[in-house]
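Written out below as structure tokens is the structure these notes cover.
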Amino acid sequence: EDGFGERSRWLKQNESLDIVPVDFAIDSDIWVTNEAGKIEKYRRGNKEQFSVVGMPDGVHITRIAVEPAGTRIALLDSSNGRVIFCEKESGNCNSQLKAEKIKTARDVEFDDGGVLYLLFPGAIGVLK
């Protein structure tokens, strides 16, 4: 025995990813993003209606984070040195944080209190 149970398909029978994913994040839903910042939202194996509004031009998203109990999605665009914030309910991307230092960031993640952490080579940054 290898310790794993029987394999099962999580996506429902007629569901599939419509994007080429670069990262995903989980709260009570599963959020999947591609390089262009398109986000697909899945709940219990079914794709939910969700679209992003106001995504800046020229993005190259590498990571996504969602607030576990909050309202925000954070998208890391390290090639342009920014983190883009979108709302979970509306999909509205209403703010971004830009800094030259973010160009070296490798990952983003929210904690349970809504604090955003950025992973850098040899350091972890905190955004409150």
Which number gives the lysine pairs in the chain that have C-alpha atoms under 24 Å apart and are eight or more places apart or on different chains? 15
What FRET efficiency comes out for Tyr117 versus Glu15 if R0 is 35 angstrom and r is the Cβ-Cβ distance? Round to the nearest 0.05. 0.65
Can you give the charge dipole size of the chain about its Cα centre, rounded to the nearest 20 debye, using +1 on the beta carbon of Lys and Arg and -1 on the beta carbon of Asp and Glu? 300
Quick one: net charge of Ala25's neighbours, Cβ under 12 Å, K/R +1, D/E -1? -3
Using the Karplus equation 6.51 cos²θ - 1.76 cosθ + 1.60 (θ = phi - 60°), what ³J(HN,Hα) coupling, rounded to whole Hz, does each residue of the stretch 5-16 give in order, writing x for Gly and Pro? x, 5, 5, 9, 7, 7, 5, 5, 3, 9, 9, 7
Accessible area per residue, Å², the stretch 68-128 with all protein chains present, probe 1.4 Å: 54
Accessible area of the chain with a 1.4 Å probe: how many percent of it is carbon plus sulfur? 47
Place a +1 charge on the Cβ of each Lys and Arg in the stretch 71-125 and a -1 charge on the Cβ of each Asp and Glu, then give the dipole magnitude about the Cα centre in debye, rounded to the nearest 20. 280
Order of 97-107, 9-19, 70-80, 54-64 by packing, highest average Cβ count within 10 Å first? 70-80, 54-64, 97-107, 9-19
Assign one of three labels to the stretch 18-66, namely rounded, prolate or oblate, based on the Cα gyration tensor with a ≥ b ≥ c the square roots of its eigenvalues; rounded applies when a/c is under 1.5, prolate when it is not and a/b is larger than b/c, and oblate otherwise. prolate
Between Glu35 and Glu6, what is the FRET efficiency for a Förster distance of 41 Å, r being their Cβ-Cβ separation, to the nearest 0.05? 0.75
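The values are calculated or read from the model by the stated rules, or taken from the named source; none is laboratory data. Everything numeric in this text was worked out from a predicted model, so none of it was measured. Heads up, the Cβs are rebuilt from the backbone with ideal geometry, glycines too, and the neighbour counts pull from every protein chain shown. Calculation scope for accessible area: heavy atoms of the full protein, side chains included, ligands and nucleic acids excluded. Shrake-Rupley method; radii C 1.70, N 1.55, O 1.52, S 1.80 Å.
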